[in-house]
C-alpha cells in the first residue's frame with residue numbers, strides 16, 4: 001500500500017516488510033500533527049503474525065493502527 005491514510009486526524013503509514021522466510025510483517029507508524037506538536041508512534045503486531053503478501057500485511061497494519069487510535073486517540 002503506497003498511500004498514507006488519515007483516520008480521526010491521525011496519519012497512518014503502513015511499513016510492511018518482507019522476512020527472509022518470504023512472509024510479510026505489518027509494522028505501522030501513526031502520527032498526530034497538531035501544528036506545534038507532532039506525536040509519532042511506531043506500532044508492531046508482535047511476534048508470530050505474518051502474511052503471505054504485502055497487501056495483506058498493509059491491511060492488517062491499518063486495522064492495528066485504527067484499534068490503537070480508538071483506544072488512545
**OP:** Provide a single number: the residues in the range 19-38 that are farther than 18 Å from residue 70 by Cβ and not in a loop (DSSP other than H, G, I, E, B).
**Re:** 4
Subject >> Pairs where the first residue, in the range 42-57, is under 23 Å from residue 31 (Cα atoms) and the second is modelled with pLDDT under 95, C-beta under 7 Å, 6+ apart >> reply: 55/1
Subject >> Residue in the range 9-18 that is nearest to residue 67 (Cα to Cα), counting only those that are at pLDDT 95 or above and exposed (fewer than 14 other Cβ atoms within 10 Å of the Cβ) >> reply: 17
Subject >> Residue check for residue 36: exposed (fewer than 15 other Cβ atoms within 10 Å of the Cβ) and in contact with a strand residue (DSSP E or B) (Cβ under 7 Å, 6 or more places away or on another chain) >> reply: no
Subject >> Failed item in (1) at positive phi; (2) assigned to a strand (DSSP E or B), with residue 13 passing the rest >> reply: (1)
Original post:
Are any residues in the range 39-62 in a loop (DSSP other than H, G, I, E, B) and either surrounded by 14 or more Cβ atoms within 10 Å (Cβ to Cβ) or at pLDDT below 95 (or both), and if so, which ones?
Top reply: 44, 45, 46, 47, 48, 49, 50
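The values are calculated or read from the model by the stated rules, or taken from the named source; none is laboratory data. For clarity, every value in this text was computed on a predicted model and none was experimentally measured. Positions of Cβ are generated from backbone atoms using ideal geometry, with glycine treated the same way; all protein chains shown enter the neighbour counts.
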